[in-house]
Amino acid sequence: MKWSKKDLLGIRELSKEEILLILDSADSFKDISRREVKKVPTLRGKTVITLFYEPSTRTRTSFEIAAKRLSADTINISANTSSHVKGETLKDTARNLESMRPDVIVIRHNMPGAPHMLSRIVDSSVINAGDGAHEHPTQALLDLFTMREKKDRIDGLNITIVGDIAHSRVARSNIFALRHFNTRITCSGPPTMIPPDIESLGVHVEYDMNRAVKDADVIMMLRIQKERGGISYIPSVKEYSIIYGLKAEHLKKAKKDVIIMHPGPMNRGVEITDEVADGPYSVILDQVENGVAVRMAILYLLTGREA
Amino acid sequence: MKILIKKGRVIDPKNGRDEILDIFINGGIIEKIDKNIREKVDNVHVIDASGLIVAPGLIDMHVHLREPGYEYKESIRTGTMAAVKGGFTSVVCMANTDPVNDNKSVTEFIIKQAKVEGVCRVFPCGAITRNLKGEELAEIGEMYAAGIVAISDDGKSVKNSETLRKALEYAKLFHIPVISHCEDEDLSKGFVHEGKASVMSGLDAVPAIAEEIIVKRDMAIAQYVNSPLHLTHISSGGSVDAIGEMKRRYNQITCDTCPHYFTLTDKATLSFDTNTKVNPPLRSKEDVDAMKEGLRNETIDIIATDHAPHDVTSKDVEFNIATSGISGLETAFGLSLALVHEGVLSMKTLLKKFTENPAKLLKLPHGELTPGSPADIIIFNPDLEWTVDRNTFASKGKNTPFHGWNLKGKNLLTIVDGKIVYRDPAFK
Ligand SMILES: [Zn+2]
């Protein structure tokens, strides 16, 4: 199949075929990153702008490396949402950027729907690099890529997602992606961090962490979103780490070959202990490496689409 | 001016009328309603209404005309032009202008401006509290003397229960309703309904109980002090249940809902279209069904628009920071006629919620076709299909989620005080 969409705004809009197309493309791009000369001319002459309204060194760098390995020119723009009074700036910024004729704009924004708004204004392809608590599609795709790489399959997996589900765009995008496959998804975390209607997305809720990790093939830990007021949903970080922090003892209840994922950055000692984060089951660094490959695949597909 | 409306199907819920009749209007008054009126006088403008419905002009008890202070969003002129186009001959304008309508000078300004600029009747609603702050009572008596027909802090609830109690007690002096916007502000720090759609969009959400809790509190206070209370723009099924239950025990409760609450679900917000952002938010399918049932079983007395026009820059931003509201006057009747086409309401019952019921609540001498009463009349075609085009709105507010929708039923002619103030191009 061929890619036909102008943008990558969310997993919600993707079909299973489109998800698999990205994952399969990422397979070949991963090889490039492991060569001595990590560069191909695929996107030579193309311009990729990263427009970040929220600081994120990790995701921005990953996109930038992906673009550079494909020989695209990259420009970073960091905008400050606190300075954009009433939000006219996003529209104005979009119009300004569009007049520079970029091929792709990667946007991160603290408000859901901002990439959708951007995509309506510009002709360039828009990639959502995280919009508030809504979606983080490239993260979910790299998570699926990592699961498939480590488990040779996605179908049949028991996946447990632990933490602030309500405010997590990573959880949302992963759920949207995983429900295309025959998986069992369990969400766990304090009841204040689990939205009342989450089960309508086809997931199970298990507040008890010990039961939630039982027989898990994949345990995905989420960060407490301090910047989204995450702290006000729990009495204290200390109490949270006691009840929901992932510790070595939890792994004994999971499948023997369980993998531990985390979208980063981690609050070590809070949602995950050092022992687990750095232990043999952790694939957290693989996720980072795969992030570049998946983003290369997406840039390639978006810029190569037939007009 | 003398007008003779011939052969229309006259439906007037107040007088229990539904038959083919002629209406003769003279000097702003309905002079005669009868079969086959033959006036021999000269200078009579004859309107052939055969095949059409003739009804009392609609009354919208909840609009925002934005003047004074926000004329760039709407003015009394443009708001009333939108009203008559939509079939409304009377509107009640809310107090959240700048300055707030919390004293008689603002009330007088609105009334004076409406006389000069308005094309339909405008009845101001005064604030309950000074500057809508929820603290001290506004000068309700002076505003009443100047012409307000109700009081409301619409835009927010009166947070302090003691203040609301005083307002309900004090308003008894003037026999005017207290109109309550029901929203627990601590529970409503969000932009959309809390439900499946918000789980998908990640937008900060407001649970239905944020409305229901205040509905119940306000009704409890009203019952305790034995005052009338009107609950406006009700959106949740839980509220309808609570109101229905209270109405069986206490007969001074009334409520309204708006067309968008029985037409759209929260699914519409998944587009991140800021025109779907309203307060209270669009709710679930179950709530929409409950609105229809509430309208059918008469728990919901009135349909109002909550016409909330906004300028483009207030809406052309990210969902979180967009202002709430729909420019509703020009689509309300068309959307509501769907209730008749779907078989939810009879035509007479629908019209009752737009005419007799609001007139009764506000004690207005309108909303009826009675000889001797003011000639506020509309003529509409319930079956005419048309497409909503916001670019043709008379309102300055082009903020509608219904742009491009096909509606069935349209107002064609509006008469206010015996004068034709709107004639649709589709009316030959
Ligand atoms: Zn309101």
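Straight distance only, please: which aspartates and glutamates reach the Cα of A:Lys252 with their own Cα at less than 16 Å, same-chain residues fewer than 8 apart left out?
Here the aspartates and glutamates satisfying the reach criterion relative to A:Lys252 are A:Asp208, A:Asp215, A:Asp217, A:Glu275.
Going by the alpha-carbon gyration tensor, a ≥ b ≥ c the square roots of its eigenvalues, is the range A:143-279 rounded (a/c under 1.5) or, if a/c is not under 1.5, prolate (a/b greater than b/c) versus oblate? Intermediate values should be presented prior to the final figure.
Numbers: a/c = 1.62, a/b = 1.21, b/c = 1.34.
Note, shape of the range A:143-279 comes out oblate.
Counting DSSP beta bridges in the protein assembly as shown, what percent are antiparallel, to the nearest 5? Show your work: numbers first, answer last.
Numbers: 33 of 98 bridges.
Looking only at bridges with both residues in the protein assembly as shown, the antiparallel portion is about 35 percent.
Debye calculation, C-alpha points only, no solvent: report log10 I(q)/I(0) for the range B:328-426 at q = 0.20 Å⁻¹, in the same order as the q values.
Evaluating at q = 0.20 Å⁻¹ gives log10 I(q)/I(0) of -1.17.
Simple spin-label model, 7 Å along Cα-to-Cβ: A:Lys214 to A:Ile231 in nm?
It works out to 3.5 nm between the two label points.
Measure off 7 Å from each Cα along the Cα-to-Cβ vector at B:Met1 and B:Glu19, then give the distance between these two points in nanometres to one decimal.
Result: 2.9 nm between the two label points.
Could you list, in their original order, any pairs among B:Lys35/B:Lys352; B:Lys6/B:Lys352; B:Lys7/B:Lys40; B:Lys85/B:Lys115 whose Cα atoms are separated by more than 20 Å?
Numbers: B:Lys35/B:Lys352 23 Å; B:Lys6/B:Lys352 23 Å; B:Lys7/B:Lys40 17 Å; B:Lys85/B:Lys115 18 Å.
Pairs exceeding the cut-off: B:Lys35/B:Lys352; B:Lys6/B:Lys352.
Which residues of the range A:111-141 bury at least 40 Å² of accessible area once all protein chains are present, versus their chain alone (1.4 Å probe)?
At a threshold of 40 Å² (probe 1.4 Å), the residues of the range A:111-141 that become less exposed are A:Met111, A:Pro112, A:Met117.
Mind checking the alpha-carbon convex hull of the protein assembly as shown and giving the volume per residue in Å³? Before the final figure, lay out the partial values.
Working: hull volume 124.4 nm³, N = 735.
Per residue, the Cα convex hull of the protein assembly as shown comes to 169 Å³.
Want the number for B:Thr370 to B:Gln223: 0.36 nm per residue separation, take away the alpha-carbon distance, what's left?
On the way: separation 147, 0.36 × 147 = 52.92 nm, distance 3.39 nm.
Extending this stretch completely gives an extra 49.5 nm.
Per residue, how big is the convex hull around the C-alpha atoms of the range A:9-64? Give it to me in cubic angstrom, could you? Write out the running numbers ahead of the final one.
Values: hull volume 7.0 nm³, N = 56.
Each residue corresponds to 125 Å³ of Cα convex hull volume.
Inside 10 Å of the C-beta atoms of B:202-209, what's the mean count of C-beta atoms belonging to other chains?
On the way: counts 18, 6, 8, 4, 0, 1, 0, 0.
Counting other chains' Cβ atoms within 10 Å and averaging over B:202-209 gives 5.
When the accessible area of the protein assembly as shown is split by element with a 1.4 Å probe, what percent falls to carbon and sulfur? Display every interim value, and only then the final one.
Details: 13850 of 28110 Å².
Using a 1.4 Å probe with all protein chains present, the protein assembly as shown comes out at 49 percent carbon and sulfur.
Count the lysine pairs in the range B:177-270 whose Cα atoms lie under 22 Å apart, taking only pairs 8 or more positions apart in sequence or on different chains.
4
Take the Cα atoms of the range B:202-355, build their convex hull, and give its volume per residue in Å³. It would help to have the intermediate numbers written out before the result.
Values: hull volume 18.0 nm³, N = 154.
It comes to 117 Å³ per residue, whole-number rounded.
With every protein chain present, what accessible area does B:Glu19 have (1.4 Å probe, heavy atoms only), rounded to the nearest 10 Å²?
Accessible surface of B:Glu19 is approximately 70 Å².
Show me the chymotrypsin sites (Phe, Trp or Tyr not before Pro) within the range B:353-428 that DSSP assigns to loop and that have at most 16 other Cβ atoms within 10 Å of their Cβ. Don't skip to the end; give the middle numbers.
Working: sites: B:Phe354, B:Phe380, B:Trp386, B:Phe393, B:Phe402, B:Trp405, B:Tyr422, B:Phe427; in loops: B:Phe393, B:Phe402, B:Trp405, B:Phe427.
Taking the range B:353-428 and a limit of 16 other Cβ atoms within 10 Å, the loop chymotrypsin sites (Phe, Trp or Tyr not before Pro) found are B:Trp405.
Beyond 19 Å, what percent of the Cα pairs of the range A:167-237 remain?
Values: 849 of 2485 pairs.
For the range A:167-237, the share of Cα pairs beyond 19 Å comes to 34 percent.
Subtracting the Cα-Cα distance from 0.36 nm times the residue separation, let me have the gained length for A:Ser71 to A:Ser200 in nm, one decimal. It would help to have the intermediate numbers written out before the result.
Working: separation 129, 0.36 × 129 = 46.44 nm, distance 4.29 nm.
Going from the current span to full extension adds 42.1 nm.
Please state, as a whole number in µm²/s, the translational diffusion coefficient that the Stokes-Einstein equation yields for the range B:198-275 at 10 °C and 1.306 mPa s, with Rh defined as the Kirkwood radius across alpha carbon pairs. Display every interim value, and only then the final one.
Values: Rh = 14.0 Å.
Translational D for this selection: 114 µm²/s.
What is the distance, in nm, between label points placed 7 Å from the Cα along the Cα-to-Cβ direction at A:Lys247 and at A:Asp31?
Computed distance between label sites A:Lys247 and A:Asp31 equals 4.6 nm.
Where the centre of each part is set by its Cα atoms, how far does the range B:1-78 sit from the range B:180-227, in angstrom?
Spelled out, the Cα-based centre of one part sits 38 Å from the other.
Within 10 Å of each Cβ in peptide B:311-320, how many partner chain Cβ atoms are there on average? Round it to a whole number, please. All intermediate terms of the calculation are to be shown ahead of the outcome.
Values: counts 0, 0, 4, 2, 0, 7, 10, 18, 9, 8.
Per residue, the number of nearby Cβ atoms from other chains is 6 on average.
Could you give the length gained by full extension between A:Asp152 and A:Leu285, i.e. 0.36 nm per residue of separation minus their alpha carbon distance, to one decimal place?
Numbers: separation 133, 0.36 × 133 = 47.88 nm, distance 1.82 nm.
Gain on extension, A:Asp152 to A:Leu285, equals 46.1 nm.
Efficiency by 1/(1 + (r/R0)^6): what FRET value for B:Asn131 and A:Arg12, r their Cβ-Cβ distance, R0 = 45 Å, to the nearest 0.05? Please report the intermediate quantities before stating the final value.
Working: r = 43 Å, r/R0 = 0.96.
E(calc), rounded to 0.05, equals 0.55.
Please give the residues of the range B:128-172, grouped as numeric ranges, whose backbone N is less than 18 Å from a label point set 7 Å along the Cα-to-Cβ vector of B:Arg249.
From the range B:128-172, the list is empty.
Determine, at each q value in 0.16, 0.21, 0.24 (inverse angstroms), the log₁₀ of I(q)/I(0) that the Debye formula gives when each Cα of the range A:98-196 is one equal point scatterer.
Here the Debye-derived log intensity ratios amount to -0.75, -1.04, -1.18.
For chain A, just run the numbers: alpha carbon Rg, then divide by 2.2 N^0.38 Å, N being how many residues it has. Before the final figure, lay out the partial values.
Values: Rg = 19.0 Å, N = 307, 2.2 N^0.38 = 19.4 Å.
Relative to the rule-of-thumb radius for its length, chain A sits at 0.98.
Students sometimes get this wrong: rank B:Asp98, B:Asp153 by accessible area, probe 1.4 Å, all chains present, largest first. Present the calculation step by step, with values, prior to reporting the outcome.
Values: B:Asp98 85, B:Asp153 5 Å².
Result of the area sort, largest leading: B:Asp98, B:Asp153.
Using a probe radius of 1.4 Å on protein heavy atoms only, what is the accessible area buried between chains A and B, both sides summed, to the nearest 100 Å²? The partial results should precede the final answer.
Working: alone 13430 and 16550 Å², together 28110 Å².
The contact between B and A buries close to 1900 Å².
Which value in deg cm²/dmol, rounded to the nearest 500, describes the helix-derived mean residue ellipticity at 222 nm for chain B, given -39,500 (n - 2.57) per DSSP H run of n ≥ 4 and division by the residue count? Present the calculation step by step, with values, prior to reporting the outcome.
Numbers: 13 runs with 125 residues, N = 428.
Using -39500 (n - 2.57) per qualifying helix, the result is -8500 deg cm²/dmol.
Quick one: what Rg and Dmax do you get for the range B:29-95 from the alpha carbons, in Å?
Calculated on Cα positions, Rg and Dmax stand at 17.0, 50 Å.
Would you give the gap between the C-alpha center of the range A:171-221 and the C-alpha center of the range B:85-134, rounded to a whole Å?
The two parts, judged by their Cα centres, are 51 Å apart.
So what's the projected area for the range B:106-203, the Cα convex hull averaged over all directions, in nm²? Working shown, then result.
Working: hull surface 33.6 nm².
Average projection, Cα convex hull of the range B:106-203: 8.4 nm².
Apply the a/c threshold of 1.5 to the C-alpha gyration tensor of the range B:262-331 and tell me whether it is rounded, prolate or oblate.
Numbers: a/c = 3.19, a/b = 1.68, b/c = 1.90.
Judged from the Cα gyration tensor, the range B:262-331 comes out oblate (a/c at least 1.5, b/c at or above a/b).
Report the relative contact order of the range B:142-291, percent, no decimals, based on alpha-carbon pairs under 8 angstrom and at least 6 residues apart.
Values: 261 pairs, mean separation 34.4, N = 150.
Relative contact order for the range B:142-291 comes out at 23 percent.
Pick from B:Val178, B:Val199, B:Val388: which residue has the top mean-square fluctuation in a GNM of chain B where Cα pairs under 10 Å get a spring?
With Cα springs under 10 Å in chain B, the top fluctuation among B:Val178, B:Val199, B:Val388 is at B:Val199.
Is the shape of the range A:102-150 rounded, prolate or oblate, going by the alpha carbon gyration tensor and its root eigenvalues a ≥ b ≥ c, with a/c under 1.5 for rounded and a/b larger than b/c for prolate?
On the way: a/c = 3.67, a/b = 1.73, b/c = 2.12.
It comes out oblate by the Cα gyration axes.
In Å², and per residue, what accessible area does the protein assembly as shown have when probed at 1.4 Å with the other protein chains present?
Values: 28110 Å² over 735 residues.
Counting only protein heavy atoms, the per-residue value for the protein assembly as shown is 38 Å².
If you scale each eigenvalue of the Cα gyration tensor by 5 and take the root, what three semi-axes come out for chain B, rounded to whole angstrom and sorted largest first? Provide the component values of the computation, followed by the final result.
Working: eigenvalues 218, 118, 88 Å².
Over the Cα atoms of chain B, the ellipsoid semi-axes are 33, 24, 21 Å.
Expressed as a rounded percentage, what relative contact order does the range A:241-282 have, with Cα pairs under 8 Å and six or more residues apart? If you can, show how the numbers build up before the last one.
On the way: 35 pairs, mean separation 22.7, N = 42.
54 percent.
Could you calculate the FRET efficiency of B:Lys419 with B:Val312 from 1/(1 + (r/R0)^6), where r is the beta carbon distance between them and R0 is 25 Å, rounded to 0.05?
Details: r = 33 Å, r/R0 = 1.32.
Efficiency, rounded to the nearest 0.05: 0.15.
Can you pull the accessible area of A:Ser78 for me, 1.4 Å probe, Å² to the nearest 10?
Estimated to the nearest 10 Å², A:Ser78 gives 90 Å².
From Cα pairs below 8 angstrom and at least 6 apart in sequence, can you work out the relative contact order of chain B, rounded to a whole percent? Before the final figure, lay out each step's value.
Values: 1074 pairs, mean separation 84.1, N = 428.
Across chain B, relative contact order equals 20 percent.
With r defined as the distance between the Cβ atoms of A:Asn96 and A:Thr61 and R0 fixed at 25 Å, what FRET efficiency is calculated, to the nearest 0.05? Working shown, then result.
On the way: r = 24 Å, r/R0 = 0.96.
That gives a FRET efficiency of 0.55.
Within chain A, which DSSP H helices have Cα atoms that stretch 24 Å or more along the helix axis and a mean Kyte-Doolittle hydropathy of at least 0.5? Before the final figure, lay out the partial values.
On the way: long enough: A:16-34 (28 Å, -0.14); A:284-304 (30 Å, 1.00).
For chain A, where a helix must reach 24 Å along its axis and average at least 0.5, the hits are A:284-304.
The values are calculated or read from the model by the stated rules, or taken from the named source; none is laboratory data. Keep in mind the model is a prediction, meaning the values are calculated, not measured. All Cβ positions, glycine included, derive from the backbone under ideal geometry; neighbour counts span all protein chains shown. These area figures cover heavy atoms from the full protein model, side chains too; ligands, DNA and RNA do not enter into them. Shrake-Rupley method; radii C 1.70, N 1.55, O 1.52, S 1.80 Å.
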